[in-house]
Amino acid sequence: MKNEKSKTDIPKPTVARLPNYRQALQHFLAGGTSVISSHDLAHEAAVTPSQLRKDLAYFGHFGTAGIGYDVRKLLDTLEEILGTARKRPVVLVGVGNLGRAVLNHSSLAQAGFDIVASVDDSPRKHGRVIVGVRCYPGDELEV
């Protein structure tokens with residue numbers, strides 16, 4: 001990946017749009033699309049094609065004029081840029097209503113977070129597997 005500019009030169013709005021591009025690429029990949037035009041990708045991400053090309057240019061050259069972008073390759077690159085290419089093990093603190101909702105939400109796994117355990121102060125939850133994740137007492141959490 002050729003970096004055209006330093007990380008500090010990339011505008012915040014560009015960085016904020018990267019997850020939208022990633023989500024759009026995931027959508028196309030799931031639908032079996034292997035090559036996508038800047039027009040179609042921009043439409044799915046709710047930006048103009050020129051904005052899409054300008055945003056991606058901060059990170060290098062990805063598409064082929066008249067052909068488009070390799071969906072898998074661009075998605076892999078964006079995941080590397082966003083830090084979602086590798087799974088990060090995390091522990092969820094608190095498995096009340098909000099904690100269970102977090103465990104049920106698949107977007108965390110898609111964003112690279114792997115919830116490997118949970119902790120809670122409630123003794124009745126200790127040792128239980130809640131939404132596929134074992135719950136431990138908070139005092140067993142090693143920092």
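The values are calculated or read from the model by the stated rules, or taken from the named source; none is laboratory data. Please read all numbers here as calculations on a predicted model, not as lab measurements. Cβ: placed from backbone, ideal geometry, glycine included. Neighbour counts: every protein chain shown. Keep in mind that these areas ignore ligands, DNA and RNA; they rest on the heavy atoms of the full protein, side chains included. Shrake-Rupley method; radii C 1.70, N 1.55, O 1.52, S 1.80 Å.
Of note:
- If the condition is being more than 20 Å from L18 (Cβ to Cβ) and either surrounded by 12 or more Cβ atoms within 10 Å (Cβ to Cβ) or of a type in the set (D, E, K, R) (or both), then the range 76-104 contributes V90, V91, L92, V93, G94, V95, G99, R100, V102, L103.
- Among the residues of the range 105-142, those that are within 30 Å of L78 (Cα to Cα) and either in contact (Cβ under 8 Å) with a residue 40 or more places away in the chain or not in a loop (DSSP other than H, G, I, E, B) (or both) comprise S107, L108, A109, Q110, F113, D114, I115, V116, A117, S118, V133.
- Some residue of the range 128-137 being under 12 Å from the mean Cα position of the chain (by Cα), open to solvent by 30 Å² or more (accessible area, probe 1.4 Å) and of a type in the set (A, V, I, L, M, F, W, C): no
Each row is one residue, and each column tells you yes or no for (1) within 30 Å of L41 (Cα to Cα); (2) charged (D, E, K, R); (3) in contact with a His (Cβ under 7 Å, 6 or more places away or on another chain).
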| position | (1), (2), (3) |
| --- | --- |
| A57 | yes, no, no |
| G60 | yes, no, no |
| G63 | yes, no, no |
| K73 | yes, yes, no |
| L82 | yes, no, no |
| V95 | no, no, no |
| L108 | yes, no, no |
| S122 | no, no, no |
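- Any hit, the range 55-62, residues being out of contact with any Lys or Arg (no Cβ under 7 Å at 6 or more places or on another chain) and of a type in the set (D, E, K, R): no
- Residues in the range 20-75 that are open to solvent by less than 50 Å² (accessible area, probe 1.4 Å) and charged (D, E, K, R): 2 in all.
- A single entry from S107, S118 fulfils the requirement of being touching a Cys at 6+ places or on another chain (Cβ under 8 Å), of a type in the set (S, T, Y), open to solvent by less than 90 Å² (accessible area, probe 1.4 Å) and at pLDDT below 95: S118.
- Only one of V91, V102 that is touching a residue at least 24 places away in the same chain (Cβ under 8 Å) and either assigned to a loop (DSSP other than H, G, I, E, B) or over 30 Å from V35 (Cα atoms) (or both): V91
- Tabulated pairs, the range 21-48, first touching a residue at least 12 places away in the same chain (Cβ under 8 Å), second surrounded by fewer than 16 Cβ atoms within 10 Å (Cβ to Cβ) and in a loop (DSSP other than H, G, I, E, B), C-beta under 8 angstrom, 6+ apart or interchain: V35/I67
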